[in-house]
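Following: one structure in structure tokens, then a few remarks.
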Amino acid sequence: MRVAIDYTAALRQRGGVGRYTRDLIDALLAEAPSDEFLLWYASDCASDAPLAANVIPRRLPLPSRWLTIGWQRLGLPVTLERLIGPIDLAHAPDFVAPPSRAPAIATIHDLSYLIAPEFAHPALRRYLEAAVPRTLARAARVLAVSETTRGDLIEHYGLDPDRVVAIPNGIDRRFRPPLPEEIENALRLFALRQPYFLIVGTIEPRKNHLALLRAFERVRQVYPEAALVIIGQPGWLAEPIVARIEAAAQRLPVRFLRFVDDRWLPALYAASTALVYPSWYEGFGLPVLEAMACGAAAIAGDRGALPELVGELALLVSPASDEAITQAMLSLLDDPARQRRLAAAGPAWAARFTWERAARSTLAVYREVAA
């Protein structure tokens, strides 16, 4: 079987869809050594496809912008096969698929642009509102990263439930409870002191950093020794949020670390009192599971896929209530035994989410469609 996969996001995005694409493909290559994977990407991407016997890299002759304009806006009937050669199947891991003669599969990560449009970049929202329905109309199967996203697709686009398959994301194996010396080294490197709360993820309105800042100010009135650590690169509509974070860091124990290499994240997760993730909507919410896998307690928004993701092993809060976020944070400082119970239960729960399992489920869909 020759499978074409759009590798552009893997080369251009560190987190989000980029991480999904890289981790899923790495697992696919290991699970299906006899299949061929044509990893294609735009000309303005750095060439860094995985080195494996079953990988065939294909650099297209046009940059991403022109490919998007030609395929998605002008509807040019230039099939993927004309650019990369014959294939049995095309997988679009980033919402939209190019035209192809072969059957197409698309991964939809969330419908935040429909469900919480006020938090989306207007240009991106318009693009997805136009391009996603065209992809869904011709896709042989649609992969959703959670049951919540699967239900959203069926409800908002009227898709046949048999065409939509929920395959949860996995967690990289590096996310596991760290050794005590690893925690000590991380705290020393980043000059952090405990107790601290942590948020990890791209800075954008949907992640609700400003509500967390307001809640943290209330927490410090009771626990002045508490700190807040923010890890994440600015995303869309991030300028006013970043300005508020930087202003808070001038007068409060708020550390804005921006980028942190993944090798340090397990220790930073585990050393925290809790990861706080009061997002307005998530199709999955990988940082929450990563934190749980590392032995951290978690506080998460009660919207989207987050309740499905954490079960009963995290504190759920309304992202609209600063008071609810504050009380959840205080409850873990007030009751260290409760904090330890939640932290201890996380690794076994998170161990169910593996990229090997995701790859096997994805391959089953590939074979069904190709047949």
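The values are calculated or read from the model by the stated rules, or taken from the named source; none is laboratory data. These numbers come from a predicted model, not from an experiment. Positions of Cβ are backbone-derived with ideal geometry, glycine not excepted, and every protein chain shown enters the neighbour counts. Just the protein is used for accessible areas: all its heavy atoms, side chains included, with ligands, DNA and RNA removed. Shrake-Rupley method; radii C 1.70, N 1.55, O 1.52, S 1.80 Å.
Picking from residues in the range 125-151 that are under 17 Å from the mean Cα position of the chain (by Cα) and either open to solvent by 20 Å² or more (accessible area, probe 1.4 Å) or of a type outside the set (Ser, Thr, Tyr) (or both), the one that is nearest to Arg303 (Cα to Cα) is Thr148. Exactly one residue among Ala298, Ala345 is within 24 Å of Ile167 (Cα to Cα), crowded, with 24+ Cβ neighbours inside 10 Å and among the aliphatic types (A, V, I, L, M), and that residue is Ala298. Only one entry of Tyr366, Tyr269 meets the criterion of being at pLDDT 95 or above, under 24 Å from Asp162 (Cα atoms), open to solvent by less than 20 Å² (accessible area, probe 1.4 Å) and part of a helix (DSSP H, G or I), and that entry is Tyr366. Could you list all residues from the range 306-329 that are more than 20 Å from the chain's Cα centre (by Cα), of a type in the set (Asp, Glu) and not in a loop (DSSP other than H, G, I, E, B)? Asp322, Glu323, listed by residue number. In the range 145-174, the residues that are within 30 Å of Leu265 (Cα to Cα) and part of a helix (DSSP H, G or I) reach residues that are open to solvent by less than 20 Å² (accessible area, probe 1.4 Å) and acidic (Asp, Glu) with C-beta atoms within less than 9 angstrom, at least six apart or across chains, in these pairs: Thr148/Glu282.
Here is a yes/no grid of residues against (1) part of a loop (DSSP other than H, G, I, E, B); (2) open to solvent by 40 Å² or more (accessible area, probe 1.4 Å):
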position: Ile5; (1), (2): no, no
position: Leu11; (1), (2): no, yes
position: Thr21; (1), (2): no, no
position: Leu29; (1), (2): no, no
position: Trp40; (1), (2): no, no
position: Cys45; (1), (2): yes, no
position: Arg65; (1), (2): no, yes
position: Ile69; (1), (2): no, no
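All conditions but one from (1) open to solvent by less than 20 Å² (accessible area, probe 1.4 Å); (2) under 18 Å from the mean Cα position of the chain (by Cα); (3) modelled with pLDDT of 95 or more; (4) of a type outside the set (A, V, I, L, M) apply to Ser112; the one that does not is (3).
Rundown of residues vs (1) exposed (fewer than 15 other Cβ atoms within 10 Å of the Cβ); (2) over 20 Å from Glu118 (Cβ atoms), yes/no style:
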| residue | (1), (2) |
| --- | --- |
| Leu187 | no, yes |
| Arg193 | yes, yes |
| Phe197 | no, yes |
| Ile203 | no, no |
| Asn208 | no, no |
| Glu225 | yes, yes |
| Val254 | no, yes |
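Number of residues in the range 233-256 that are under 21 Å from the mean Cα position of the chain (by Cα), at pLDDT 95 or above and not in a helix (DSSP H, G or I): the value is 1.
Residues in the range 218-254 that are in contact with an Asp or Glu (Cβ under 9 Å, 6 or more places away or on another chain) and of a type in the set (D, E, K, R): Arg218 only. Within the range 348-363, the set of residues being part of a helix (DSSP H, G or I) and surrounded by 17 or more Cβ atoms within 10 Å (Cβ to Cβ) comprises Trp349, Ala350, Trp355, Ala358, Ala359, Thr362, Leu363.
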